[in-house]
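S.K.: Below you'll find the structure I mean.
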Amino acid sequence: MTGRLYVCATPIGNLEDVSLRLLRVLREVDAIAAEDTRRTQKLLNHHGIRAKLVSYHDANERAQTRHLIERIKRGDRIALVSDSGTPSISDPGYLLVTACIAANLPVETVPGPSAVVAALVVSGLPTARFSFEGFLSKKGGERSRRLEKLRDDDRTLIFYEAPGRVRGTLETIWSVLGNRRVAVARELTKIHEEVIRGSVSEVLAQIEEEDVRGEAVILVEGAAAVPDLPTAVEAARGLVAGGLPKGKAAAKAAAQHGVARREIYDRLLED
Ligand code: SAM
C-alpha cells in the first residue's frame, strides 16, 4: 500500500463540523500529526475515534517533517491536522506538503472549515474576489506599510487577529485605509458567534469599552474603485428580501458599490 499525506481540515469551534470522509480518514490512517495533541484528542473522543497521535507544531516542524517523510516512504498513511481549521492556513503544514511534493509522495486534501471563508460568507462584503492577508505584523511600522500596499486593492481584504488585538488593528486600518465598511466575525460556529458590521468608526464605537472577546477575523471592503453592477444588484436583492422597499435598497446598494441607483433599480423592477 502506498503511503500518503492527508491534509485534513478540522472544526473551528463546533465539533460537529466534520465530514464523513474526515472521520473515515482519521480512523484509517497510521498516525495523525497534530499541532496540539490534547485538542485533537478532544475531537477524536467526541467522535469515538481511536488513533495514534504525534505532535507537529512550529517548534518541531523541521525534525518531524523528516521523520514523517520517512514514514510515508515506508508506506504509512499520515493525517495532518492543526489546532483548528485548515492546516497550512496561518498554521503549520506548508513545509510538510512541499517536502512530500519534493519526494514525489502523494498528498490529498480533506477539505473542511477555515475561518477565512466562514467569515467571508457572513460578512456581507463582496465575496467574488478577496485577498487573504493572514496576520498583520505586531510591529506598528510594518503593519502600516503592509496596509499602505493594500490601499488600492479593490478585493475584500481579510485579516486574522489574535484575541485582544482587534481594536488596535481597526484603529490602524482606519488611519491607513480610511473609514471603510468592515466586519468583525468572532467566535464563529461557537455559542457566542457574532458578526459586527458597519464602518470602522461604527464598529469601534460598538466595541468601545472592551476589546472583542475570543477569536476574530477582520474583513475590510476593498478600494471602491471599480463599480460592479452584478454584485450591487445581488446586494440590493438581498436588501429587498430582507424587507427594504426597492427604491431604498437600490439607493443603499448604489452608495456601497459605486453604481448608479437607477441601473440597480431598473434591474430590481425586472425581478
Ligand atoms: N488554520 C486556521 C483556519 O484555517 O482558519 C487558522 C488558524 S490561525 C492560528 C487562528 C486565527 O484564525 C484566529 O486568531 C482567528 O483570527 C481565526 N479564527 C480561528 N477560529 C475562529 C473562529 N471560530 N471565529 C473567528 N475567527 C477564528
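None of the figures in this text is laboratory data; all of them are computed from the coordinates on show. Being a predicted model, the structure only gives us computed values, none of them experimental. With ideal geometry, Cβ positions are generated from the backbone for all residues, glycine too; neighbour counts draw on all protein chains shown.
S.K.: Going toward the positive end of the dipole of the chain, with +1 on Lys and Arg Cβ and -1 on Asp and Glu Cβ, which of V259, L23, F159 do you reach last?
M.R.: The residue sitting farthest along the positive end of the dipole is L23.
S.K.: Please give the contour-minus-distance gain from S19 to T37: 0.36 nm per residue of separation, less the Cα-Cα distance, rounded to one decimal in nm.
M.R.: The S19-T37 span can extend by a further 4.5 nm.
S.K.: Restricting the count to DSSP beta bridges whose residues both fall in the chain, what percent are antiparallel, rounded to a multiple of 5?
M.R.: 45 percent
S.K.: Sticking with this structure for a sec: Check E215: other-chain or 5+ apart residues with amide H under 5 Å from its amide H, H built from backbone geometry?
M.R.: Residues meeting the amide H criterion: E187.
S.K.: For the stretch 116-224, report the translational diffusion coefficient in µm²/s to the nearest whole number, using Stokes-Einstein at 25 °C, 0.890 mPa s, and a Kirkwood Rh over Cα pairs.
M.R.: D = 180 µm²/s.
S.K.: May I ask you to list the lysines whose Cα is less than 20 Å away from that of K73, ignoring any residue fewer than eight positions away on the same chain?
M.R.: Those lysines meeting the cut-off are K52.
S.K.: Listed highest first by mean packing, meaning other Cβ atoms within 10 Å per residue, what order do 36-47, 248-259 come in?
M.R.: 248-259, 36-47
S.K.: Could you check the simple spin-label distance between D58 and F135, using points 7 Å along Cα→Cβ, in nm with one decimal?
M.R.: About 0.5 nm, to one decimal.
S.K.: Evaluate the charge dipole of the chain about its Cα centre and quote only its size in Debye, nearest 20, assuming +1 on the Cβ of each Lys and Arg and -1 on the Cβ of each Asp and Glu.
M.R.: Numbers: 39 positive and 37 negative charges, 118 e Å.
So the dipole magnitude of the chain works out to roughly 560 debye.
S.K.: In degrees from 0 to 90, rounded to the nearest 10, what is the angle of the helix 229-241 Cα long axis to the longest principal axis of the chain?
M.R.: The helix 229-241 is inclined about 80 degrees to the chain.
S.K.: With N denoting the number of residues in the chain, provide Rg(C-alpha) divided by 2.2 N^0.38 Å, to two decimal places.
M.R.: Values: Rg = 21.7 Å, N = 271, 2.2 N^0.38 = 18.5 Å.
Against the compact-globule rule of thumb, the ratio is 1.18.
S.K.: Taking just the C-alpha trace of the stretch 4-113, give me its Rg and Dmax in Å.
M.R.: 12.5, 36
S.K.: To test your reading of the geometry: what angle, between 0 and 90 degrees and rounded to tens, separates the Cα axis of helix 246-257 from the longest principal axis of the chain?
M.R.: Between the helix axis and the principal axis of the chain, the angle is about 60 degrees.
S.K.: Local charge sum around A253 (other residues, Cβ-Cβ under 14 Å, Lys/Arg +1, Asp/Glu -1)? Intermediate results must be reported in sequence, preceding the final value.
M.R.: Values: positive: R181, R237, K246, K248, K252, R261, R262, R267; negative: E221, D228, E234, E263, D266, D271.
Neighbourhood net charge equals +2.
S.K.: OK, next. Hey, rough spin-label estimate for E194 and E142, points 7 angstrom out along Cα→Cβ, what's it come to in nanometres?
M.R.: 3.0 nm
S.K.: In the stretch 4-113, if the dipole is taken from +1 on Lys/Arg beta carbons and -1 on Asp/Glu beta carbons about the Cα centre, which of N14, T98, L53 is farthest to the positive end?
M.R.: L53
S.K.: Helix-derived [θ] at 222 nm for the chain: sum -39500 (n - 2.57) over DSSP H runs of at least 4, divide by residue count, nearest 500?
M.R.: The helix-only estimate for the chain comes to -12500 deg cm²/dmol at 222 nm.
S.K.: DSSP beta bridges in the stretch 122-271, what fraction antiparallel, as a percent rounded to 5?
M.R.: Bridges in the stretch 122-271 are about 80 percent antiparallel.
S.K.: Sticking with this structure for a sec: Based on alpha-carbon positions alone, could you give the equivalent ellipsoid semi-axes of the stretch 60-179 from the gyration tensor, as √(5λ), descending, whole Å?
M.R.: Equivalent-ellipsoid dimensions as semi-axes: 34, 16, 13 Å.
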